[in-house]
Each structure stands twice: as C-alpha cells, then as structure tokens.
Amino acid sequence: MNNKPIGIFDSGLGGLTVYKEIKNILPNENIIYFADTKRAPYGGKSKEELKVYSKDIIDFLLEQDVKIVVIGCNTISSNLYNYLKNDYKIPIFELMESAIEESLKFSKKGIGYFATSSNIKSGVFEKGIKKISSVEVFKKACPLFVPLIEEGFTDFKIVKPVIIHYLKNIEDNIDTLVMGCTHYPFLVDSIEKLVQNITIINPAKSAAIKIKNFIENSDILNTGKKEKNIFYTTGDNRKFEILAKKLIGEDCNVSTVVL
Ligand code: DGL
C-alpha cells in the first residue's frame, strides 16, 4: 500500500481527459493535477522549452510527494518521454504507446492522427505504427483546437468549421482517428457529428488501464482514506475552476502557483 497521490500534468485543461479516466478506474486514489496554463499552449514550443517546462513541473510534483507521474500531455511525451524517464527515478507514464496500440486494433484502411505541431514533428506516432504495421498514417497538426478549448469554446457551432478544415483531405482515407493531444477528446462529440464510419480513439482509456495494472502489481494502491483531489495552475485559478466544471462536471478547488 502507498497512500501518496498520483501526479498528472499538462499545459492546461487537456490532461483533465486523462485525469477523468484515471479517476474512474482508480476511484480511491488521491490525485494532484497540475496545469501550466500560463505557458500554454505547448504545441508550438521547441524541445528545449518543453524540457524546461516539464522538469519544472515534475520537480514540483516530487515536492508534493507523488508516487507516480503521468504525463497528461502528448506534446511532452512525444518529444521527451525517454529523456524524462531516464532522468527521474520515479515511475513516469505516458499515452503515446497506447495511442499506437489502440489505433492498430481498429484500423484496416488508414489512421488519421490529430495532434499538436510539435508532436507531429517528433514523428513518434508514425514511426511507432510503421514498426508494426503497413497501415498508412494521415497526420494533421491542429493548432486551433487547444486555444479554443482553453477559452472554453467547445460548442459544436463554434468548432464545426475548424474540425471540417482539419478533416479535409484525410477523411476519405481513414477508418480510425486518433486524438493525439489530450485536449482533443473534449471535441469528440462534435467530431462524431461530422464523420461516418470512423472510429475515434482516446488513448487515455487504455493508458489508465496500464496505470491501474502497474499500481496493483507494484502493491502501491491507496488503502487509506480518499482525500479531495488537488489542482494547481500557473494561470488564473478561477477561470480553470469554471472551465473544469464545464468540461468534466467537477467542482475543483484550484490554487495558482508560481514555478
Ligand atoms: N494537451 C497537450 C498535448 O497532449 C498540450 C497541448 C498544447 O498545449 O498545445 O499535446
């Protein structure tokens, strides 16, 4: 048993899609969620900048005495997972492996991959698919999605033209569409209204199962009291609370911190 919390981080609200899956599957675990809202979006940042940001956050989470770290940000994972894993002793989890495995379970014709520019540039997803399969990948950087979500503009009417724009030229070639950025699952209902016969993949679901298996097999489940989950942002805490309520329906008590 280990009553320390699980630490999850992202540039902003996106990692809440990962938080939600982990919370559902591990309801008795205490969770600390960290959003680097002030420096978001990460999607167009250089690897060097991302290295500084992720180390700042992981160091902060270690100070909070977390037992594992979950990178709820695929921009960070696609660029720095191996580096971070080797640099820290604490177990660190990510979603890219699940994204690759899950899409191959469903795709026969072609995989659409929506992600941030920096994630696409890393080539990690495509290389991972090519290692095991000949299914073609149609990748698309979607830089407008994160700012829309961070401002709370997720309503169908507003996001519809943006989704149509990003689906153009790939829609006919794919049977599977991967949400390669943790913000994008907030748009799944809208995307579903605009596509037919395409399976949409949210890798957080299977990543959460892997995390649960690890926690159980390592005998570090929280067997003590379930505390309230804790939320930190480097940005406006009130704005985060309002948007978290809208996006995941939870009343989060968010504190602003300076890193
Ligand atoms: N949600 C993150 C990701 O999965 C970061 C997006 C961003 O800040 O641009 O890539």
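The values are calculated or read from the model by the stated rules, or taken from the named source; none is laboratory data. As the structure is a computational prediction, the values presented were derived from the model and not from experiment. Here Cβ is always computed from backbone atoms with ideal geometry, including for glycine, and neighbour counts include all displayed protein chains. We work out accessible area using only protein heavy atoms, side chains counted, and drop any ligands, DNA or RNA first. Shrake-Rupley method; radii C 1.70, N 1.55, O 1.52, S 1.80 Å.
Of note:
- Cα long-axis angle, helix 96-106 against the chain (0 to 90 degrees, to the nearest 10): 40 degrees
- Phi to ³J(HN,Hα) by Karplus 6.51 cos²θ - 1.76 cosθ + 1.60 over the range 204-209, Hz, x for Gly, Pro: 4, 5, 6, 4, 5, 5
- Radius, Kirkwood style, for the range 44-188 when every pair of distinct Cα atoms is counted (Å): 16.2 Å
- Relative to the globular-protein estimate of 2.2 N^0.38 Å, the Cα radius of gyration of the chain stands at 0.96.
- Per residue, the range 1-106 exposes an accessible area of 37 Å² to a 1.4 Å probe, with every protein chain left in place.
- Helix 47-63 and the long axis of the chain differ in direction by around 30°, with both axes built from C-alpha atoms.
- Furthest towards positive pole of dipole, LEU16, ILE71, VAL124, structure part the chain, Cβ charges: VAL124
- Here the accessible area of the range 33-154 is 52 percent carbon and sulfur, with a 1.4 angstrom probe and all protein chains present.
- Each of the peptides 193-204, 24-35 was scored by the mean count of other Cβ atoms within 10 Å over its residues; in descending order, highest first, they stand as 24-35, 193-204.
- When each of LYS45/LYS140; LYS160/LYS210; LYS139/LYS245; LYS108/LYS157 is checked by Cα-Cα distance, pairs over 26 Å: LYS160/LYS210; LYS139/LYS245; LYS108/LYS157
- Quarter of the Cα convex hull surface for the range 1-104, i.e. its orientation-mean projected area (nm²): 6.9 nm²
- Highest-MSF residue in the chain out of LYS157, LYS45, LYS239 [GNM, Cα springs under 10 Å]: LYS157
- Based on DSSP H segments of at least four residues, each scored -39500 (n - 2.57), the chain has a per-residue ellipticity at 222 nm of -13500 deg cm²/dmol.
- Projected label points at THR256 and THR223, each 7 Å from Cα along the beta carbon direction, are separated by 4.2 nanometres.
- In loop segments of the range 86-137 as defined by DSSP, the trypsin sites (Lys or Arg not before Pro) with at most 11 further C-beta atoms inside 10 Å of their C-beta are LYS89, LYS108.
- Sorting THR116, THR223 by accessible area puts them as THR223, THR116; the probe is 1.4 Å, largest comes first, and only protein heavy atoms count.
- Distance from the Cα centroid of the range 1-50 to that of the range 77-118 is 15 Å (rounded to whole angstrom).
- Mean-square fluctuations from a GNM of the chain, with a 10 angstrom spring cutoff on Cα atoms, peak among GLU151, GLU63, GLU102 at GLU63.
- For the range 190-259, the carbon plus sulfur part of the accessible surface works out to 49%, probe radius 1.4 Å.
- Note that the range 142-259 carries a Kirkwood radius of 16.9 Å, evaluated over its alpha carbons pair by pair.
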